[in-house]
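So the structure is just underneath, and the comments pick up after that.
The values are calculated or read from the model by the stated rules, or taken from the named source; none is laboratory data. Everything numeric here is computed off the predicted structure, so don't read it as measured data. Positions of Cβ are backbone-derived with ideal geometry, glycine not excepted, and every protein chain shown enters the neighbour counts. Accessible surface areas use protein heavy atoms only, side chains included; no ligands, DNA or RNA. Shrake-Rupley method; radii C 1.70, N 1.55, O 1.52, S 1.80 Å.
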Amino acid sequence: MYPPVSSQPNLPALEGEVLARWEAEHSFQQSIDMRDAGTDGSNEFVFYDGPPFANGLPHYGHLLTGYVKDAIPRYQTMRGRRVERRFGWDCHGLPAEVQAEKELGISGHPEISAFGVDKFNDACRTSVLQYTEEWRDYVTRQARWVDFDNDYKTLDLDYMESVMWAFKSLWDKGLIYEGFRVLAYCWRCETPLSNTETRMDDVYRDRQDPAVTVWFQLETGERILAWTTTPWTLPSNLALAVGPDIDYAILEADGERWIIAESRVGAYEAQFGEAVQVGVLKGSELAGRRYSPLFNYFADAEHAFQVLSADFVSTEDGTGIVHMAPGFGEEDQNACNAAGIETVCPMDEHGRYTAEVSDWVGQHVFDANPLIIRSLKDSGRLVRHDSYMHSYPHCWRCAEPLVYRAISSWFVKVTDVKDRMVELNQEINWVPAHIKDGSFGKWLENARDWSISRNRFWGSPIPVWVSDNPEFPRIDVYGSVAELEADFGVAVSDLHRPVIDELVRANPDDPSGQSMMRRVPEVLDCWFESGSMPFAQVHYPFENAEWFEHHYPGDFIVEYLGQTRGWFYTMHVLATALFDRPAFSNCVSHGIVLGDDGAKMSKSLRNYPDPNQMFEVYGSDAMRWYLLSSPILRGSDFSVTETGMRDTVRQVVLPLWNAYYFLTLYAGAADTT
């Protein structure tokens, strides 16, 4: 006989009963224990759980991936596979540090150092695990089976040791180097950012900047016009660039000759409407000409103040002539260095001018823009001053506008393995399929070397020790705790700063015994740690080496589309460089979850229904069906609304329930006759 059921079910209450039964009967663990792993794990389905930060509550993006992370493993379990699911936590990096600074009421390196790196990192440790119980409640309530009791954390010693091994292995392969390169730089967080971080969602935002056109005096007598939206970089101008095949007009007005791209003359009608064109030059004819400095701060720079030929120059805007400051632009640096022009970077870590720019020393470069424009106007060098609205990169965590700045950083030589990364991508099954050769494939084809060092405090250390005396140079790179203990003669139980920085020893290459080996101050990009997840979660290669070899690559991962430039990418880089294998075999990359107004979900706008309230009113199954049946899993963006969940109950859940109620009602009646 079928048990009687109500014709009007309380769905959330029913779900609560099921959750209680699962917990009492250990149903999740039984689903694993009842299935044999097979020879060398041949019957196991390997799922990688992308680690979230626990210093904030879950949102619908997390809940969506959580449902997928539950549905696929359940399906594989029903097919007889053994599927272990281990939760993980991302603990290091800028997100944790920025939150800790807010909670402590401090900001920037000087205040953190004064407060104490040890106390600051303790605060970070507390902050990143602040909401672990709330996360567990959310994930359990959505009926997702996952192991929280044996979770992994990127702050654990075992995990960090595996990350250290990865760095050392890349070093041994010749894939790690230190370089002085122009990188996106956050002056508020005082650290460079990688290309991956500058391509994340909402990094580019509309910003209004001053746009100025100024003239430079060529040695041949003409005035050549350059346009820039960063007037603050003009004090460090060391070269100008022209397109070799671009036609440049020579205009004559007021007894002077002016040079501008011929196709841009019309854009300067107000300034040169009365001018007469007296000639045309190819950019290649201008290349090599010298000019007088706009400012004299670097007047003695060798080979500087010349016109260079560069293919990146365009005539889409401006004058068709590019002002170049090699310390503040990647293309500027490359072109100038190729011409023997040094890289100068008169900016400190806070985004302020150094003493080299004596007139504005200590001034933040953005605040200096109006002062520089006034100076140019007073000297008669300013031809035009406009406002320019453009899409500009901002820090993905503190939201301040970035600068581009030459800075010393440690890099993974991704360009050396780029072709192999492209090949291995063909072995991955992507959903949607177009991502393979689309957003992910194109990103791989244009991959650049990865800046992996951060001038911060809370993270896995760069495991490099260098001599503090350049007369006795030496570099030691460590790949394990045992190696550290052998060289420094002490037990090592914590790899965080400042503990790791206290490991100092005499330089073996210095016969005087005076110089010391000291660790470089940087920590690793937290994306390096995330990308290490497949092997670091099992403490490879120090433990579980054989298990890992039979369970790599993973069978399945899922995250949103932006991770093609984040977690998916960093895993693929490390998998290729370390193991010559893809990190995963199947990947679902879903679209972006939007608010009920079609805009990005925002706590301040409150443009989405509260998840807990939706659980209490409609139940988790309604939310599960609503999200999993939506176009978002085929790569489209999707707005979450309460109406959608209500309709799911009415159109899907209740019809199923009514069919079951009909069966129990009449099957039970038949049994009584």
Q. What about V538, is it β-branched (V, I, T), open to solvent by less than 50 Å² (accessible area, probe 1.4 Å) and under 25 Å from the mean Cα position of the chain (by Cα)?
A. yes
Q. If you check every pair at least six apart or on different chains, which have Cβ atoms under 6 Å apart with a residue in segment 5-28 that is of a type outside the set (D, E, K, R) first and a residue that is part of a helix (DSSP H, G or I) and open to solvent by 40 Å² or more (accessible area, probe 1.4 Å) second?
A. V5/Y661; S7/Y661; P9/W657; P12/E616
Q) List the pairs whose first member sits in segment 238-266 and is outside any strand (DSSP E or B) and open to solvent by less than 30 Å² (accessible area, probe 1.4 Å), whose second member is aromatic (F, W, Y) and at pLDDT 95 or above, and whose Cβ atoms are under 7 Å apart, counting only residues at least 6 apart or on separate chains? A) L238/F298; L238/F305
Q: Report whether or not Y404 is hydroxyl-bearing (S, T, Y), in a strand (DSSP E or B), touching a residue at least 12 places away in the same chain (Cβ under 8 Å) and crowded, with 17+ Cβ neighbours inside 10 Å.
A: yes
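How many of the residues making up segment 329-341 are in a loop (DSSP other than H, G, I, E, B) and either of a type in the set (F, W, Y) or under 9 Å from L238 (Cα atoms) (or both)? Walk me through how you get there before you give the answer.
Here is the first cut: in segment 329-341, the ones in a loop (DSSP other than H, G, I, E, B) are 329, 339-341.
Now drop any that are not either of a type in the set (F, W, Y) or under 9 Å from L238 (Cα atoms) (or both), which leaves 341.
Final tally of qualifying residues: 1.
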Q. Got a sec? Which of P611, P655, P631 is open to solvent by less than 70 Å² (accessible area, probe 1.4 Å) and without any contact (Cβ under 8 Å) to a residue 12 or more places away in the chain?
A. P655
Q: Please go through segment 28-68 and pick out each residue that is assigned to a strand (DSSP E or B) and either on the phi > 0 side of the Ramachandran plot or open to solvent by 20 Å² or more (accessible area, probe 1.4 Å) (or both).
A: E44
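Every residue, every condition in (1) within 26 Å of the chain's Cα centre (by Cα); (2) in contact (Cβ under 8 Å) with a residue 24 or more places away in the chain; (3) not in a loop (DSSP other than H, G, I, E, B), yes or no:
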{"residue": "D476", "(1), (2), (3)": "no, yes, yes"}
{"residue": "G479", "(1), (2), (3)": "yes, yes, no"}
{"residue": "E483", "(1), (2), (3)": "no, no, yes"}
{"residue": "A491", "(1), (2), (3)": "no, no, no"}
{"residue": "H496", "(1), (2), (3)": "yes, yes, no"}
{"residue": "D510", "(1), (2), (3)": "no, yes, no"}
{"residue": "G513", "(1), (2), (3)": "no, no, no"}
{"residue": "F528", "(1), (2), (3)": "yes, yes, yes"}
Q: Could you tell me which numbered condition D647 fails, if it satisfies all but one of (1) buried (at least 19 other Cβ atoms within 10 Å of the Cβ); (2) of a type in the set (D, E); (3) without any contact (Cβ under 8 Å) to a residue 24 or more places away in the chain?
A: (1)
Q. How many residues are among the aliphatic types (A, V, I, L, M) and surrounded by fewer than 23 Cβ atoms within 10 Å (Cβ to Cβ) if we restrict to segment 578-593?
A. 3
Q) What tally of residues in segment 293-328 results from selecting those that are assigned to a loop (DSSP other than H, G, I, E, B), in contact (Cβ under 8 Å) with a residue 12 or more places away in the chain, more than 18 Å from P231 (Cα to Cα) and open to solvent by 10 Å² or more (accessible area, probe 1.4 Å)? A) 8
Q) Going by the conditions given, is W430 without any contact (Cβ under 8 Å) to a residue 60 or more places away in the chain and assigned to a strand (DSSP E or B)? A) no
Q: Sort out which residues of segment 85-126 are more than 20 Å from the chain's Cα centre (by Cα), buried (at least 16 other Cβ atoms within 10 Å of the Cβ) and within 23 Å of Y159 (Cα to Cα), and write them in order of number.
A: R85, R86, F87, V117, F120, N121, A123, R125
**Q.** Subset tally (residues that are farther than 21 Å from A267 by Cα, open to solvent by 30 Å² or more (accessible area, probe 1.4 Å) and not aliphatic (A, V, I, L, M)) for segment 367-391
**A.** 7
Q. Got a number for residues in segment 7-18 being assigned to a helix (DSSP H, G or I) and touching a helix residue (DSSP H, G or I) at 6+ places or on another chain (Cβ under 7 Å)?
A. 3
